[in-house]
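The values are calculated or read from the model by the stated rules, or taken from the named source; none is laboratory data. What you are looking at is a predicted structure, and each value in this text was computed from that prediction instead of being measured. Note that each Cβ is placed from the backbone with ideal geometry, even for glycine, and that neighbours are counted across all protein chains shown.
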Amino acid sequence: MRIAVASGKGGTGKTTVAVNLALIAARAGQTVHLGDCDVEEPNAHLFLNPDYDFVRPVMVPVPVVDHDACNHCGECAAFCEFNAIACLPEKTMIFDDLCHSCSGCWLVCPHEAMIPSERSLGTVSSGTADGLAFTQGRLRVGETLVPPLIQAVKEVTGDESWVILDAPPGTTCPVVETLRDADYVVLVTEPTPFGQHDLALALDLTRKLGIPCGVVINRASAVPSPVDDYCVREGVGILARIPFRREVAEACAEGGLAIEADPEVAAVMTELFRTLQSLGVKT
Amino acid sequence: MRLIISSEGPNPSDRVDPRFGRARYLIQYDSASESYVSIDNTEQAQAAQGAGVQCAQKVVESGAEALLTGHCGPKAFQVLVEANVKIYSGFEGTVLDAVDSWKNGNLEPLAAPDGIARH
């Protein structure tokens, strides 16, 4: 089963849920692959200290101009949906950082003047940690094209019984890329107006993608919050309420694990694992 | 000689649009005939990305020798310099005012981009 952990709002505890859930599943004897798809600021490794088996660059195709063959006809620039090409009377210019690697320019060029080359988006690192397989994508600083790097992370995950993907925050293309072929989405939120607002956005996205989902309320207090009421109104199930514990925050700040910092949090996370398992997970 | 001025509206009495690539209109001024022609730039202005690149290409295609605008970002700057279009930035008043100060001379063409590239 492929589970994506998403949130809308940043800082709600996606990585905490993804990492601790992955460890609980592994300790329960499942084969687990945790993929950190938050490639703009990956952080799951901080809690896991993985041993990497490989680090490899992720390349995408970009054009270079063969200035001898180019007669500046402008077909490439007219075709480019992303305005990455400027065709001037005496020069054709390419802006690599605007290119989305669609290959269209060298397909439409009548003069074979657009030569496929490559640019690096970043790296994918993969290895093991604490009994689970771990893969992380890391975007090159200055790069803005994210989805192909997330695809590369997902390609490393295999037929493990649990593939858990830590999504980036928000509801943008990188989040869609992380979620799109998941069997289930865990939406992590917090009992604040901001958390609820962005939960609504993430829920809307998840429903548009047609993926079943449930909510984890992190930093929950004993009293039901407006977020609980919202979930009832929206007809979305609450999978778990992770209690607010200072000890957990302190442990996380030091790279420690929530499930080892507080027994009650460990019990809630274990219950979350069982709930997900019972939701038709192949084991 | 032909100029292009980024404008918030279609008329020379409208204000200079401080943005170049995402200007609502480009106004073309011909100094020989003292005439103004308005070019709707809405499509470029709404481009998801690369508005400056597209808009700069449009300026070059128009045959203009100079651009008067508020700010010019790095990619548009690169395209315009390549095509020998002079860039004058920092204009805030109307298109008419901008053309007047260009006519008075003493303007220094932009030597480096003064806008921020956005995606």
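So which residues in the range A:175-192 are assigned to a helix (DSSP H, G or I) and either of a type in the set (Asp, Glu) or within 17 Å of A:GLY13 (Cβ to Cβ) (or both)? Selection gives A:VAL175, A:GLU177, A:THR178. Could you count how many residues in the range A:231-248 are within 23 Å of the chain's Cα centre (by Cα) and of a type outside the set (Lys, Arg)? The total comes to 6. Which condition number does B:GLU65 fail, the rest of (1) of a type in the set (D, E, K, R); (2) more than 14 Å from chain A (Cβ to nearest Cβ); (3) under 26 Å from A:CYS76 (Cα atoms) being met? It fails just one condition, (2). In this structure, A:GLY280 does satisfy being at pLDDT below 95, of a type outside the set (A, V, I, L, M, F, W, C) and surrounded by fewer than 13 Cβ atoms within 10 Å (Cβ to Cβ). Taking the criterion of being assigned to a helix (DSSP H, G or I) and either in contact with a Ser or Thr (Cβ under 6 Å, 6 or more places away or on another chain) or modelled with pLDDT under 95 (or both), would at least one residue in the range A:203-218 satisfy it? Looking through the range A:203-218, at least one residue is assigned to a helix (DSSP H, G or I) and either in contact with a Ser or Thr (Cβ under 6 Å, 6 or more places away or on another chain) or modelled with pLDDT under 95 (or both).
Among what's in the range A:27-70 and is small (Gly, Ala, Ser) and in contact with a helix residue (DSSP H, G or I) (Cβ under 7 Å, 6 or more places away or on another chain), pick the residue that is surrounded by the fewest Cβ atoms within 10 Å (Cβ to Cβ). Only one residue tops the list, namely A:ALA28.
Has the range A:66-77 got any residue that is more than 14 Å from chain B (Cβ to nearest Cβ), farther than 22 Å from B:ALA56 by Cβ and in contact with a Ser or Thr (Cβ under 9 Å, 6 or more places away or on another chain)? No, there is no match, as no residue in the range A:66-77 is more than 14 Å from chain B (Cβ to nearest Cβ), farther than 22 Å from B:ALA56 by Cβ and in contact with a Ser or Thr (Cβ under 9 Å, 6 or more places away or on another chain). Within the option set A:PRO263, A:PRO243, being modelled with pLDDT of 95 or more and touching a helix residue (DSSP H, G or I) at 6+ places or on another chain (Cβ under 9 Å) holds for one residue only, A:PRO243. Residues that are in contact with a helix residue (DSSP H, G or I) (Cβ under 6 Å, 6 or more places away or on another chain), within 13 Å of another protein chain (Cβ to nearest Cβ) and more than 15 Å from B:ALA112 (Cβ to Cβ) are absent from the range B:8-19 altogether. No other residue among B:GLN49, B:GLN78 is among the polar types (S, T, N, Q), assigned to a loop (DSSP other than H, G, I, E, B) and within 14 Å of chain A (Cβ to nearest Cβ) apart from B:GLN49. Among the criteria (1) in the same structural domain as A:GLY170 (by TED's automatic domain parsing); (2) assigned to a helix (DSSP H, G or I), the one A:THR12 does not fulfil is (2).
Look at the range B:34-46 and say how many of its residues are in contact with a strand residue (DSSP E or B) (Cβ under 9 Å, 6 or more places away or on another chain) and more than 14 Å from chain A (Cβ to nearest Cβ). Of the residues in the range B:34-46, 7 are in contact with a strand residue (DSSP E or B) (Cβ under 9 Å, 6 or more places away or on another chain) and more than 14 Å from chain A (Cβ to nearest Cβ).
Restrict the check to the range B:84-92 and report whether at least one residue is touching a residue at least 24 places away in the same chain (Cβ under 8 Å), within 14 Å of chain A (Cβ to nearest Cβ) and under 13 Å from the mean Cα position of the chain (by Cα). There is at least one residue in the range B:84-92 that is touching a residue at least 24 places away in the same chain (Cβ under 8 Å), within 14 Å of chain A (Cβ to nearest Cβ) and under 13 Å from the mean Cα position of the chain (by Cα). In this structure, B:GLU108 does not qualify as surrounded by fewer than 22 Cβ atoms within 10 Å (Cβ to Cβ) and either within 14 Å of chain A (Cβ to nearest Cβ) or within 30 Å of A:LEU145 (Cβ to Cβ) (or both).
Let's see how each residue does on (1) within 16 Å of B:ASP97 (Cα to Cα); (2) in contact with a Gly (Cβ under 9 Å, 6 or more places away or on another chain):
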position: B:ARG19; (1), (2): no, yes
position: B:SER33; (1), (2): no, no
position: B:GLU43; (1), (2): no, no
position: B:GLN49; (1), (2): no, no
position: B:ALA66; (1), (2): yes, no
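In the set (1) modelled with pLDDT under 95; (2) in the same structural domain as A:GLN136 (by TED's automatic domain parsing); (3) of a type outside the set (S, T, N, Q), the condition left unmet by A:HIS45 is number (1). Scanning the range B:1-37 for residues that are of a type in the set (Val, Ile, Thr) and surrounded by fewer than 21 Cβ atoms within 10 Å (Cβ to Cβ) yields a single hit, B:VAL37.
For every residue, the table says whether it meets (1) farther than 27 Å from A:LEU205 by Cβ; (2) within 14 Å of another protein chain (Cβ to nearest Cβ); (3) crowded, with 22+ Cβ neighbours inside 10 Å; (4) in contact with a helix residue (DSSP H, G or I) (Cβ under 9 Å, 6 or more places away or on another chain).
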position: A:ALA86; (1), (2), (3), (4): yes, yes, yes, yes
position: A:CYS105; (1), (2), (3), (4): yes, yes, yes, yes
position: A:SER126; (1), (2), (3), (4): yes, no, no, yes
position: A:GLY137; (1), (2), (3), (4): no, no, yes, yes
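A:ILE217 fulfils the conditions (1) free of Cβ contacts under 8 Å to residues at least 24 places away in the same chain; (2) buried (at least 21 other Cβ atoms within 10 Å of the Cβ) except for a single criterion, (1).
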